[in-house]
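Taking it in order: structure first as structure tokens, then the write-up.
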Amino acid sequence: MALYSETVMDHFRNPRNVGIIEDADGVGEAGNPVCGDIMKIYLKIEDDRIRDVKFETFGCGSAIASSSMATELIKGKPVSEAMALTNKAVTEALDGLPAHKLHCSVLAEEAIQAALKDYYERNHIPYDERLC
Ligand code: FES
């Protein structure tokens, strides 16, 4: 059996939503100190919805695929749904990741959470840590 699903390979080879948003409403970054990979998420939020999302990822193929899938999963969705996105949901949407690559999907969850926290702070909205 192949180590990576076709979905992972597709999102690795053709990542969606790569780039930056100059006038982002929230920017968040997450990194893994062990592998050194870094992921940055940019959010454009209007009417409590994720109107646009972009990412920059300096990391492995699984991290790039996770970033791509995570951005697809939250694009156009209410902020509350983006808040609730878990690395498990990202992994499932990718049709799985090898066990030693699960931490790559955690970066996506953490970077999105960090970007939402930034958005909340900029708008003086109380941020509920329990949703992290
Ligand atoms: Fe660390 Fe993939 S190996 S994010």
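With SER105, SER80, SER67 as the choices, which residue is over 14 Å from the mean Cα position of the chain (by Cα), of a type in the set (S, T, N, Q) and closer than 30 Å to ARG122 by Cα?
Matching residue, one of SER105, SER80, SER67: SER80.
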Matching residues in segment 75-95 - criterion: being within 15 Å of the ligand (Cβ to nearest atom) and open to solvent by 30 Å² or more (accessible area, probe 1.4 Å): ASN87
Filter result for the condition that a residue is among the charged types (D, E, K, R), open to solvent by 10 Å² or more (accessible area, probe 1.4 Å) and touching a residue at least 60 places away in the same chain (Cβ under 8 Å), over GLU22, GLU6, GLU46, GLU56: GLU6
Lone qualifier among GLU29, GLU72 - being open to solvent by 60 Å² or more (accessible area, probe 1.4 Å), in a helix (DSSP H, G or I) and in contact with a Lys or Arg (Cβ under 7 Å, 6 or more places away or on another chain): GLU72
Unique residue being among the charged types (D, E, K, R), touching a residue at least 12 places away in the same chain (Cβ under 8 Å), within 17 Å of PHE12 (Cβ to Cβ) and crowded, with 18+ Cβ neighbours inside 10 Å when the list is LYS101, LYS40: LYS101
Boolean, GLU110 is open to solvent by 40 Å² or more (accessible area, probe 1.4 Å), charged (D, E, K, R) and within 16 Å of the ligand (Cβ to nearest atom): yes
Residues within segment 38-49 that are farther than 18 Å from GLY19 by Cβ and touching a helix residue (DSSP H, G or I) at 6+ places or on another chain (Cβ under 9 Å), tallied: 2
Members of segment 35-67 that are of a type in the set (D, E, K, R) and part of a strand (DSSP E or B): LYS40, LYS44, GLU46, ARG49, ARG51, ASP52, LYS54, GLU56
Selection from segment 13-26 of residues that are in a loop (DSSP other than H, G, I, E, B) and either more than 16 Å from the ligand (Cβ to nearest atom) or among the aliphatic types (A, V, I, L, M) (or both): ASN14, ARG16, ASN17, GLY19, ILE20, ILE21, GLU22, ASP23, ALA24, ASP25
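The values are calculated or read from the model by the stated rules, or taken from the named source; none is laboratory data. In this text, all values refer to a predicted model and were calculated from it rather than measured experimentally. Please note: Cβ atoms are built from the backbone with ideal geometry, for glycine as well, and neighbour counts cover all protein chains shown. Heads up: the accessible areas ignore ligands, DNA and RNA and are worked out on the full protein's heavy atoms, side chains in. Shrake-Rupley method; radii C 1.70, N 1.55, O 1.52, S 1.80 Å.
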